[in-house]
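The values are calculated or read from the model by the stated rules, or taken from the named source; none is laboratory data. Predicted, not measured: the structure shown is a model, and the values here were computed from it. Every residue, glycine as well, gets a Cβ built from its backbone with ideal geometry; the counts of neighbours run over all protein chains shown.
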Amino acid sequence: MRDESLLQFPCDFPIKIMGASGADFSPLVMDLVRRHAPDLDETRITIRDSRTGRYQSVTVVVYARDCVQLDAIYQDLSSHPRVTMVL
């Protein structure tokens, strides 16, 4: 069976996480991502508030080793009750 992944690993991979705004949202996101990417570079994190300030998006760029690592990151983020969406 051929590997059907369009990504070539290792690679930089951006992940955008959205949830209800709060002072603890971005630290929560970083902790969840660090479980699987302990080498997360904080200079490659972008935080934006929505126009109304109700929501916040955190974009992290991880140095992904393989699909298994990315799947684990997405699973942890998606299953957390504070996270509304992961792209």
| What number of residues within segment 24-60 are among the hydrophobic types (A, V, I, L, M, F, W, C) and outside any strand (DSSP E or B)? | 8
| request: Check off (1) more than 11 Å from the chain's Cα centre (by Cα); (2) assigned to a loop (DSSP other than H, G, I, E, B); (3) not basic (Lys, Arg) for Gln69 and give me the number that stays unchecked. | output: (2)
| query | Pairs under 6 Å by beta carbon, first residue within 16 Å of Val58 (Cα to Cα) in segment 27-40, partner charged (D, E, K, R) and part of a helix (DSSP H, G or I), six or more apart or different chains? | reply | Leu32/Asp76; Leu40/Arg34
| From Leu40, Leu28, Leu32, residue being over 18 Å from Asp66 (Cα atoms), modelled with pLDDT of 95 or more and of a type in the set (A, V, I, L, M) | Leu28
| field | Hey, Leu6 assigned to a loop (DSSP other than H, G, I, E, B), loosely packed, with under 12 Cβ neighbours inside 10 Å and among the aliphatic types (A, V, I, L, M) or not | value | yes
| request: Would you confirm whether any residue within segment 52-61 is among the hydrophobic types (A, V, I, L, M, F, W, C), farther than 15 Å from Asp24 by Cβ and surrounded by 14 or more Cβ atoms within 10 Å (Cβ to Cβ)? | output: yes
